[in-house]
1. Pop the C-beta distance of Lys158 and His46 into the FRET formula with R0 = 30 Å and round what comes out to the nearest 0.05.
2. Do any of Lys239/Lys365; Lys238/Lys262; Lys262/Lys327; Lys2/Lys202 go past 22 Å between their Cα atoms, and which?
3. In what order, largest first, do Thr298, Thr72 sit by accessible area if the probe radius is 1.4 Å?
4. What's the extension gain from Val302 to Phe217 if we count 0.36 nm per residue and subtract their Cα-Cα distance?
5. Place +1 on the Cβ of every Lys and Arg and -1 on the Cβ of every Asp and Glu in the chain, take the dipole about the Cα centre, and give the residue among Asn204, Val21, Ala31 whose Cα lies farthest towards its positive end.
6. If I model the stretch 121-261 as equal point scatterers sitting on the Cα atoms and use the Debye formula, what is log10 I(q)/I(0) at q = 0.13, 0.16, 0.20 Å⁻¹?
7. Going by Cα centres, the stretch 194-263 and the stretch 302-343 are how many Å apart?
8. Sort 352-359, 288-295 by packing, meaning the average of other beta carbons within 10 Å per residue, with the highest value first.
Amino acid sequence: MKCEGCGIEIQSKDPNKAGYVPENVIIEKLANDEPIVCQRCFKLRHYNQLLPINIDSDFSCQIDKILKDFKTVIWLVDVIDFEGTFRKEILDKLKGKNVFLVVNKIDLLPRSTSYTQLKEWLYERIKDSDLKIPKEHIRMISVKNGVGMERTKKLLIKSEREKALIIGVVNVGKSSFLKKLGAENLTVSSYPGTTLNVLRTKINNMDLEFYDTPGIFTKDRLCDFFDIYSQVKMIPSKKIISKTFTVNKGNVLFISGLFWIKVIENGINDLPPIMTVFHPEGVSTHRAKQERVDELLTNRDVLFPPYYSSFKYEKVNFENIVLRVDKGNDIAIAGGGWISIKRGPLIAEIIKPKELKVIIRKSIK
């Protein structure tokens, strides 16, 4: 017997372990033929409270075995964190599958974003990979406001008649996507790792069976350096912020308290670079003089995340990278937004955690 909300095995012996439901509740639910949800899901649904239960819900070690049973895979990624969610280790496992790439959270992009140009940008990025996804299988959606959901549903009904596996890293919106399609009883929350096991669900008016999966955990996104409650605060809930900075030689530009850029040389005609930073509201930006770096790193009102003064910088393994980025390119910070070079070149030193994924890419139009 499994929890209808997260897929974990139901048990009534230990309230400190996943899947716990009091025995009398189980008996009552079975007698009334009602869905059974574990204590953890009940608290998340009704109180948005995360019980302090240690759970290993990382799906990455199971994915190869599960994929053998599926021809069709719906891969959800986050357009705000494309570099952190469109991952090579997932891509390599999907070769030979009928893949639908569902790009979520387009409602959070700036209003000036052209969806036509965005789809071309996405297609160019995917075309350069080893995974061949037909252009019509790239779907841009917003689970939050429903944009693109009906067309995606019609495409799935037309293309697939049996079953499909839903995969993606934590917090891209897999369960929310299924709930928007019409699935019932799934537990949806902002906490990473809400779904704990593979969970079969049917949707009214669709012959297709969907299998929701636990999120695949990462170790190279900005959120991965913080606790679960900080990760929730970092999730954008409204359109991302854009701020433009002119940063002179010797000055620095912070994005959060774990990433900063020091301009080491001005550009053509000694003109300083101009950068537009696109970032969630829970991630700060700040321009400063180089001599203020140490002072600012302890100021949680100016630089965040981290959000708490108890954060231990000495536990972070920082590295320094010197790079040149020309106008028309972005510096994408996995889980932290991106920096678009508006006047270049940017010749700078980047200071960041060694494990943090940073990609130079063509700008999103």
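1. Numbers: r = 38 Å, r/R0 = 1.25.
With a Förster radius of 30 Å, E is 0.20.
2. Working: Lys239/Lys365 16 Å; Lys238/Lys262 29 Å; Lys262/Lys327 17 Å; Lys2/Lys202 16 Å.
In this structure, Lys238/Lys262 exceed 22 Å between Cα atoms.
3. Details: Thr298 105, Thr72 5 Å².
So, going from the largest accessible area down, we get Thr298, Thr72.
4. Numbers: separation 85, 0.36 × 85 = 30.60 nm, distance 2.88 nm.
Contour length minus Cα-Cα distance gives 27.7 nm.
5. Asn204
6. -0.76, -1.06, -1.38
7. Using only Cα atoms to place each centre, the spacing works out to 14 Å.
8. Numbers: 352-359: 17.8, 288-295: 11.9.
My ranking of the peptides, most packed first, is 352-359, 288-295.
The values are calculated or read from the model by the stated rules, or taken from the named source; none is laboratory data. Not measured: the values here are computed from a predicted model. Methodologically, a virtual Cβ is constructed for each residue, glycine included, from the backbone with ideal geometry; neighbour enumeration extends over all protein chains shown. The area values use the complete protein model at the heavy-atom level, side chains included, leaving out ligands, DNA and RNA. Shrake-Rupley method; radii C 1.70, N 1.55, O 1.52, S 1.80 Å.
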